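The values are calculated or read from the model by the stated rules, or taken from the named source; none is laboratory data. Nothing here was measured: the structure is a model prediction, and the numbers come from that model. Cβ sites come from the backbone with ideal geometry, for glycine too, and all protein chains shown count toward neighbours. All accessible areas refer to the heavy atoms of the entire protein, side chains included, with ligands and DNA or RNA removed. Shrake-Rupley method; radii C 1.70, N 1.55, O 1.52, S 1.80 Å.
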Amino acid sequence: TVFQAEDGEQALQVFEEHRDEIGLLITDLGLPHVGGVDLIGRMRAMKPSMRILGTSGLSADEVREMVITAGADDFIPKPFSPQEAIEKVRTYLPRP
């Protein structure tokens, strides 16, 4: 199941409603209301076992460090192909 959110605030609401169903978060850093780095930190604190991937079109090296420091498992720089996204998700998606 995939849940979508328009911004970081809505992502937190969706998470509260579906906490047990969510095993992987993919977030852009440039979210309105609650930014991606803040969202990563808050989600990590609420569910330490959840896998988290950050993504951004900003300079990959600097952003990767910021995302990992915030608590993400990995970073996917934009632009990325659908195949790159699928491979990364398969690496981190919890197995049933």
Among strands (runs of 3 or more DSSP E) entirely inside segment 1-83, those with 1 or more residues being out of contact with any helix residue (DSSP H, G or I) (no Cβ under 7 Å at 6 or more places or on another chain), open to solvent by 60 Å² or more (accessible area, probe 1.4 Å) and among the aliphatic types (A, V, I, L, M) are 24-28
Is at least one residue of segment 35-52 within 10 Å of the chain's Cα centre (by Cα) and among the acidic types (Asp, Glu)? no
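Which of the residues belonging to segment 84-96 are under 23 Å from Arg42 (Cα atoms), open to solvent by less than 90 Å² (accessible area, probe 1.4 Å) and either assigned to a helix (DSSP H, G or I) or free of Cβ contacts under 8 Å to residues at least 40 places away in the same chain (or both)?
Passing the criteria: Lys88, Val89, Tyr92.
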